[in-house]
Amino acid sequence: MDNDLLQKIKNNDMSISDVYITTRSLYDNADLLIDALESNTHVKTILLCCDWHIPNTKTLLYILNGLTYNTTVTRIILSNKIIRGSLTIGIRDFIKTTSTIKFLRLNKNVLGDDETIAILAEGIKTNTSIETLSLSDNEIGNKGAKILGNALEINRSITDIDLYSNKIGDEGVIALTETLKINTNIRKLCLFANQIGPKGAIALSPFFKSDYNINIDIGYNKINDEGCISIMNIIKKNPFQKTIYFYRNNIRTEGIKVLSEYLKFNSTVKIVDLAENKLGDEEAIMLAESIKINRTLDIINLPYNRIGDKGIIALAESLKFNYSMRKIILHGPNIGEDGEKAIIKLLQHNYSIKYIGCNNNIIEKLLKPNVRTQRIIEWMPWKNHHICKKREPRFHDIVLTLLYLFFISQIFLRREKRKTPTTKFLKKNRKISTI
C-alpha cells in the first residue's frame, strides 16, 4: 500500500470507498493504516487478502482491534487462507464486539477443521449487526454445517448466507433444514456446488413454500430427477415463484416432464436455468410444448446440453410466436445445419428476443450481409461463447422511419383537405344565440 493512498484515506478522500490490503503491504504500513482509518468517514469496505507472504498474526489482530473503533466501515472481507492459528480467536472476538459490520466474508480460507468453525461460531452466536455472512470455498463439510446451523438458531440478524462449495452433502443440508425451521428470518441461502443428492433435495423441498419466503440456490449438485420432482411438487403450490435454478443437477426426462407441465399453466416464473443437465431432443421437445403456451417466461438457459437439431427446431418453432421471451441460450456441440437454419429463421421472425446465445458457426452465418437480423455479436470471454445482442439502427432503418412519418403526415393532410367550405364558413361565422 503506497503512501499516497494512505494520505488520501487520512484526508477523507470521497473517491475511496474500498481498501484492498495484502499481507505484504501490512509489514510496513499497519500503524499508518489504522491512523488513516480513525479519521476517515467514507471507507466502507476493507479487504484483507493473503498473498505469497505469510500473514503476521499480531499485525492482523492490531488492525482488527483498530477497526472496532471505526464506525463507518460496514464490509469486511478476509480472503485466501488468511485465517490461521491464533488469528481465529481474534476474529471471533472481533465478530463479538463489532456493532457496525453488516457484511462479513471469510472465503477461501479452508476452514475444514471443526475447531476453527466452532470458534468462529461462538462469535456469530452473539453478533447482532451482521446481515450477510459468506463462507464460500471453505470445505467445512457436514460437521461444520451442523456447528454453523446451531449458531444460526440463536443469531436472528443474519438474513443472507453463502455456503458456496463447502462439501456439506446431504447430512449437512438436513442439519441446516432443522435450523431453517427455527430461524425464519433467513431470506437467502446459497448451497451451490455442495455435493447435495436427492435426499438433501427432498429435505430442502418444504422450504420452497411461499410461507418461508427463502431464495435457495441449489445449482451444481446431484439432485437428479427424484430431487427435482420433490422440489417441483412444492413449487407448484407457491404462487410467488419467479425463478427456477436447476443448473448442472443431472436432471433428465422424468424431471423435465414435471417441470414442463408446470410451465404450461404458470404465470409467475420469469427465469428457468437448466444448463449442463445432459438434456436431449426428447426433453427439448417437452420444453417447447410448454413454451408454446406459456406467456410469462423471460429467460431460458439451456447451454451445454445434448440437444440436437430436432430439439432446436422444436424450440425455435415454439418461440416464433412467443413474444414474452427476451433471452435464450442454446449452445451445444450437437447442433447441425438444420438447427442453425431454425435459429436464423427464428431471429428473422421474432424481434422481441434481445439476446440469443449460439455456436460460433451460427455466429458466422448471422454476420453475413444477406441475413437481415436486428442483432449484433458480443464476445463473452468468461463463458467462452457468443451472445447476439440488439444492434444500433442502420441507415436503411432511419430511411424507413422517415418514410413512415411522411406517409402518416400525408394522411392527416388529406383529412384536412376533405373538409367542405361550408363547414369552414360556419366555423368562422359562428354566432352566439341569446334567449
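We did not get these values from a lab; they are worked out from the coordinates using the rules stated. In this text, all values refer to a predicted model and were calculated from it rather than measured experimentally. Don't worry about glycine lacking a Cβ; one is built from the backbone with ideal geometry, like all the others, and counts go over all protein chains shown.
As a check on your grasp of the helix formula, calculate [θ] at 222 nm for the chain: sum -39500 (n - 2.57) over DSSP H runs of n ≥ 4, divide by the residue count, round to the nearest 500. Mind dumping the intermediate values first?
Numbers: 16 runs with 194 residues, N = 435.
Roughly -14000 deg cm²/dmol at 222 nm, from the helical runs in the chain.
Take the Cα atoms of the chain, find their three principal axes, and give me the spread along each one in whole Å, biggest first.
Dimensions of the chain along the principal axes of its Cα atoms: 96, 62, 61 Å.
Just for the Cα atoms in the stretch 140-205, what are the lengths along the principal axes, largest first, rounded to whole Å?
The Cα atoms of the stretch 140-205 stretch 29, 22, 18 Å along the principal axes, largest first.
Just to confirm my numbers, what's the Cα centroid distance between the stretch 157-197 and the stretch 54-130 in Å?
21 Å
Give the angle, between 0 and 90 degrees and rounded to the nearest 10, that separates the Cα long axis of helix 169-182 from the longest principal axis of the Cα atoms of the chain.
Around 90 degrees separate the two axes.
Counting other C-beta atoms within 10 Å, which of 158, 398 has the fewest, and how do the rest follow? Could the numbers behind the result be given before it?
Values: 158 22, 398 10.
The fewest-first ordering by Cβ neighbours comes to 398, 158.
How far apart, in nm, are two points set 7 Å out from the Cα along the Cα-to-Cβ line at residue 122 and at residue 211?
3.7 nm
For the chain, with only Lys/Arg (+1) and Asp/Glu (-1) charged at the beta-carbon, what is the dipole magnitude about the Cα centre, in debye rounded to 20?
On the way: 62 positive and 46 negative charges, 754 e Å.
In total the dipole reaches around 3620 debye.
Give the residue list of chymotrypsin sites (Phe, Trp or Tyr not before Pro) in the stretch 211-247 that are DSSP loop and have at most 11 other beta-carbon atoms within 10 angstrom.
Hits after loop and neighbour filter: 240.
Pairs 125/237; 44/188; 209/257; 143/257; 96/146; 222/354: which are spaced more than 30 Å apart, C-alpha to C-alpha?
Values: 125/237 34 Å; 44/188 23 Å; 209/257 21 Å; 143/257 36 Å; 96/146 20 Å; 222/354 32 Å.
Violating the 30 Å Cα-Cα cut-off are 125/237; 143/257; 222/354.
Can you give the Rg to Rh ratio of the stretch 229-370, both from alpha-carbon atoms, with Rh computed by the Kirkwood formula? It would help to have the intermediate numbers written out before the result.
On the way: Rg = 14.5 Å, Rh = 15.1 Å.
Over the Cα atoms of the stretch 229-370, Rg/Rh equals 0.96.
Hey, if you put +1 on the Cβ of every Lys and Arg and -1 on every Asp and Glu Cβ in the chain, which of 300, 402, 256 ends up farthest toward the positive end of that dipole?
402
Please compute the contact order of the chain in relative form: average sequence separation of alpha-carbon pairs under 8 Å and at least six residues apart, divided by the residue count, as a percent. Present the calculation step by step, with values, prior to reporting the outcome.
Details: 857 pairs, mean separation 27.0, N = 435.
The value is 6 percent.
Please give me, ordered by residue number, the chymotrypsin sites (Phe, Trp or Tyr not before Pro) of the stretch 13-109 that lie in loop per DSSP and have at most 10 other Cβ atoms within 10 Å. Kindly include the intermediate steps, with their values, before the conclusion.
Numbers: sites: 20, 27, 52, 62, 69, 94, 103; in loops: 52, 69.
The qualifying sites are 52, 69.
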